[in-house]
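Undergrad: I have a structure here, written as structure tokens, and I will follow up with some questions on it.
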């Protein structure tokens, strides 16, 4: 019979022999191959005077980039644990509008993962995009998205798939060709999700408003000008503000930008919205409190 110390030694050696699948080195890179862009002139999207030679180097024709967010007060799936992050707006998406304000959508059916697309677009029936994230070992990304990229009335993963399929497939810097010969299937999907979160971090709407004394309240209302001024003071531009309930309840914000370089890693120059606000300019605007059971504490 082996001694207790011998058994312990065997257990320790067995644990040490198990590969560390959570180590950083086991997570594949998902960045594109932008080396060819080093020989191309860098410009702000929509501000180039000549045609973009390499569309991997600058988003084109969708160079008017919108980082969009929601203010929701409930999800409809609270019992399933799908809640809103306390003290934060949530992600809507990252959209490539054309320079004239028009836009394309669902540009590549081979990368269509939306299970409920509009008419004319084939519905996707395969594994959810959350499985793509897991396959790349990005549990950190999945956790963040589940906390801040929230769907209403349906699973979060369906919303993420919708946003990638509708918008990323129309953004030239996420084209599969931009990833080079070493492209791994769904690498572009992960790269897009990372880019959306990076852009979201640039516009912390809840904090921007709260720093100006504008916080959710069911007792105090605000004017459209107050809200616009609070955001312009910090971003240099007036974003689009969307309201429901006949223009009296704040629900959305869209930050418009031109991008120097690529949508993934470039510098965003914020611009005034090209879309008129749907919020009333004369009636009080309500920035409603959330239902207490619909939000939870998460780390930013």
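Undergrad: With a ≥ b ≥ c taken as the square roots of the eigenvalues of the C-alpha gyration tensor of the stretch 82-206, please select rounded if a/c is under 1.5 and otherwise prolate if a/b is larger than b/c or oblate if it is not?
TA: Verdict is rounded for the stretch 82-206.
Undergrad: Set the Förster radius R0 to 25 Å, insert the Cβ-Cβ distance between residue 99 and residue 278 as r into 1/(1 + (r/R0)^6), and round the FRET efficiency to 0.05.
TA: In this case the efficiency is close to 0.65.
Undergrad: Do you know the relative contact order of the stretch 81-193, to the nearest whole percent, from alpha carbon pairs under 8 angstrom that are 6+ apart? Intermediate results must be reported in sequence, preceding the final value.
TA: On the way: 128 pairs, mean separation 38.8, N = 113.
Contact order relative to length: 34 percent.
Undergrad: Starting at 0 and stepping by 5 Å, how many percent of the alpha carbon pairs of the stretch 138-292 end up in each bin?
TA: Cα pair-distance distribution for the stretch 138-292, in percent: 2, 8, 14, 18, 18, 16, 12, 7, 3, 2, 0, 0.
Undergrad: Label points 7 Å out from Cα along the Cβ direction at residue 154 and residue 289: separation in nm?
TA: So the label points at residue 154 and residue 289 sit 3.2 nm apart.
Undergrad: Mind checking the angle between helix 224-235 and the chain's longest principal axis? C-alpha axes, 0 to 90 degrees, to the nearest 10.
TA: The helix 224-235 is inclined about 50 degrees to the chain.
Undergrad: Sticking with this structure for a sec: Looking at the chain, what % of the alpha carbon pairs are farther apart than 30 Å?
TA: 39
Undergrad: Name the residue, out of 180, 62, 87, whose mean-square fluctuation peaks in a Gaussian network model built on the chain with Cα pairs under 10 Å.
TA: Checking each option, the largest mean-square fluctuation is seen for 180.
Undergrad: In degrees from 0 to 90, rounded to the nearest 10, what is the angle of the helix 187-202 Cα long axis to the longest principal axis of the chain?
TA: 50
Undergrad: Rounded to the nearest 500 deg cm²/dmol, what is the calculated helix-only ellipticity per residue at 222 nm for the chain, with -39500 (n - 2.57) per DSSP H run of length n ≥ 4?
TA: -8000 deg cm²/dmol
Undergrad: Taking only Cα atoms, what is the 0 to 90° angle, nearest 10, from helix 4-17's long axis to the longest principal axis of the chain?
TA: 50
Undergrad: Between the stretch 55-117 and the stretch 159-176, how many Å separate their Cα centres?
TA: 9
Here, each number is a calculation from the coordinates, and none is a lab measurement. From a predicted model like this one, the values you see are computed outputs, not experimental measurements. For neighbour counting, all protein chains shown are included, and Cβ atoms are generated from backbone atoms with ideal geometry for every residue, glycine included.
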